[in-house]
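Here is the structure we will look at.
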Amino acid sequence: MKNPSFHSSNSLAPATVLSTAAAILITISLHAQAASAPPAGFTAIFNGENLTGWYGLNEDPRKLWALPEDERAKKRAASMEAFKKHWTVENGEFVNDGHGDYATTEKEFGDYELLIDYKTVADADSGIYLRATPQVQIWDFTEKGGKWNIGADKGSGGLWNNSPGAPGKDPLVLADKSFGQWNSFRIMQVGARTTVYLNGKLVVDHAIMENYWDRKNPLWKKGPIQLQTHGGEIRWRNVFLREIHAEEANALLSKHNSDGFKTVFNGRDFDGWDGPLNNYQIVEGAIVCKPSNGGTIYTKEEYSDFAARFEFKLPPGGNNGLAIRYPGSGDTAYAGMCELQVLDDGHAKYSGLDPRQAHGSAYGMAAAHRGFLRPTGEWNFQEVTVKGSTIRVELNGTVILNTDLSKISEYMANNPHPGKSRKSGHFGFAGHSDPVAFRNVQIKSLAGH
């Protein structure tokens, strides 16, 4: 093992067609067959005949991404001679001898569902890298394998490179089959949220996959799939992938841990809301700020600790904000606990943006990670959790802000935020003249939790 941290460590079918339970049963049935055709909606990313679409890589992917595209192509091509010495195709199976670079897809993927079978040998230690990041773990789970001290007794499928104690690091159940038998993975990746089924059993449930390469930043938005080599033969087959697009991704995120959330906007009128409501309109079930209008509209109900879920859609250059613990008057960025930015921060007109103005940031106080918005015109899913003085923002399945406002003492333009210590207030939208749309607005009170 070259690096202890790599100790190998490292369908939903279309939502409108199949239920989760039905998709799992179909997946198991399909994977019981050798060299089966892709299920409906899936594409084979290993063709069962040759190495087309794959190359060898075993390093921090940022080194490759930093190169111009022509240099990347040269590096991929240069890897093939050594790659072919350790990776072969036999009877529709992708076979590695336990050595060499990791098999890496030429294509990079964002949100997807991956089906893949594997069969390995005693003392094996391998895994599947998602977005070039370790990894969904594959173990020799027996005591004889000698790795019970680092988690092999719990079985395969966990996100082994997550921090100790983090959700997903250890599989929920032992689901491995005996050596000589094929195992089947079903992996869902939505944002940084990872769900793993092994042989039909849930082993990782919607856990955040950490960025092994850069712990201070979230998992990359896109990246290749990699099949790890780690000293023992491993065989792969039926490698099928289905990309998950925005509407389905939002539905998956909204359904998870949904207990306790209550709808606060009914999609028809402003019942339960207050503020300059005439400056807003309802369009196809969404709240939209009227052009050249603005102001903060807010729930009549007040909240102390809470979680809010909603979808939003930005026009090009769109600007709005979330009023957090708003007192009902004044500029929520200063009078309220904060204003969380809702902003097309990649637009050219915001090229000089202060990091504390980017989407998801606590305006003027705490900067959010950038680059996780969907393209303008697509619906995004966001969840905001406010507990005490802390705020956590998860955008499209990726945590982009996790901060404690009580610890902030430096402010943009040296303007203090006297409202940041507020213990309760309203939730709302702070419009800035742009037709930003919000729908499916739900809030869960966390008071007493």
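The values are calculated or read from the model by the stated rules, or taken from the named source; none is laboratory data. Fair warning: this is a prediction, and the values are worked out from it, not measured in the lab. Here Cβ is always computed from backbone atoms with ideal geometry, including for glycine, and neighbour counts include all displayed protein chains.
If the condition is being among the hydrophobic types (A, V, I, L, M, F, W, C), crowded, with 22+ Cβ neighbours inside 10 Å and either outside the structural domain of Leu401 (by TED's automatic domain parsing) or not in a strand (DSSP E or B) (or both), then segment 346-371 contributes Ala358, Met365, Ala368.
Each row is one residue, and each column tells you yes or no for (1) on the phi > 0 side of the Ramachandran plot; (2) in the same structural domain as Ile45 (by TED's automatic domain parsing).
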| position | (1), (2) |
| --- | --- |
| Phe179 | no, yes |
| Ser184 | no, yes |
| Tyr212 | no, yes |
| Gly231 | yes, yes |
| Phe240 | no, yes |
| Phe270 | no, no |
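Scanning segment 284-313 for residues that are under 17 Å from Glu339 (Cα atoms) and of a type in the set (A, V, I, L, M), we see that the one that is surrounded by the most Cβ atoms within 10 Å (Cβ to Cβ) is Ile297.
Within segment 245-259, residues that are more than 14 Å from Lys444 (Cβ to Cβ) and part of a helix (DSSP H, G or I) have Cβ atoms under 6 Å from residues that are at pLDDT 95 or above and small (Gly, Ala, Ser) in these pairs: Leu253/Gly397, counting only partners at least 6 apart in sequence or on another chain.
I need the full set of residues from segment 372-399 which are of a type in the set (Ser, Thr, Tyr), farther than 16 Å from Asn320 by Cα and surrounded by fewer than 20 Cβ atoms within 10 Å (Cβ to Cβ), in order please. Correct list: Thr385, Ser389, Thr390.
Residues of segment 276-294 include none that is among the basic types (Lys, Arg) and outside any loop (DSSP other than H, G, I, E, B).
Looking at Trp213, Trp273, which is the one that is at pLDDT 95 or above, touching a strand residue (DSSP E or B) at 6+ places or on another chain (Cβ under 6 Å) and of a type in the set (Phe, Trp, Tyr)?
Working: Trp213 fails: touching a strand residue (DSSP E or B) at 6+ places or on another chain (Cβ under 6 Å).
Residue meeting the stated conditions: Trp273.
Only one residue in Ser126, Ser156, Ser178 is buried (at least 24 other Cβ atoms within 10 Å of the Cβ), among the polar types (S, T, N, Q) and modelled with pLDDT under 95. Which one?
Details: Ser156 fails: modelled with pLDDT under 95; Ser178 fails: buried (at least 24 other Cβ atoms within 10 Å of the Cβ).
Sole residue among the options that is buried (at least 24 other Cβ atoms within 10 Å of the Cβ), among the polar types (S, T, N, Q) and modelled with pLDDT under 95: Ser126.
Could you list all residues from segment 166-198 that are part of a loop (DSSP other than H, G, I, E, B) and under 18 Å from His245 (Cα atoms)? Explain how you work it out, then say what you get.
Step one: filter segment 166-198 for residues part of a loop (DSSP other than H, G, I, E, B), giving 166-182, 191-192.
If the condition is that a residue be part of a loop (DSSP other than H, G, I, E, B) and under 18 Å from His245 (Cα atoms), then Gly191, Ala192 are the ones that fit.
Somewhere in segment 262-277, is a residue in contact with a Lys or Arg (Cβ under 6 Å, 6 or more places away or on another chain) and among the hydrophobic types (A, V, I, L, M, F, W, C)?
Step one: filter segment 262-277 for residues in contact with a Lys or Arg (Cβ under 6 Å, 6 or more places away or on another chain), giving 272, 274.
Subsequent filtering for residues that are among the hydrophobic types (A, V, I, L, M, F, W, C) retains none.
No, segment 262-277 contains no residue that is in contact with a Lys or Arg (Cβ under 6 Å, 6 or more places away or on another chain) and among the hydrophobic types (A, V, I, L, M, F, W, C).
Before we move on, is Thr385 among the hydroxyl-bearing types (Ser, Thr, Tyr) and part of a strand (DSSP E or B)? Criteria met by Thr385. For segment 263-270, the criterion of being surrounded by fewer than 19 Cβ atoms within 10 Å (Cβ to Cβ), outside any loop (DSSP other than H, G, I, E, B) and either modelled with pLDDT under 95 or within 25 Å of the chain's Cα centre (by Cα) (or both) is satisfied by at least one residue. Applying a threshold of 6 Å to beta carbon distances and a minimum spacing of six or more residues, or different chains, the list of pairs starting in segment 424-449 at a residue that is under 21 Å from Lys290 (Cβ atoms) and crowded, with 17+ Cβ neighbours inside 10 Å and ending at one that is among the acidic types (Asp, Glu) and modelled with pLDDT of 95 or more reads His426/Glu302; Ala430/Glu339; Arg439/Glu311; Asn440/Glu311.
As for segment 41-57, it holds no residue that is in a helix (DSSP H, G or I), of a type outside the set (A, V, I, L, M, F, W, C) and either at pLDDT below 95 or in the same structural domain as Tyr212 (by TED's automatic domain parsing) (or both). Just one of the listed residues (Val173, Val203) is under 26 Å from Pro38 (Cα atoms), modelled with pLDDT of 95 or more and within 25 Å of the chain's Cα centre (by Cα), and it is Val203.
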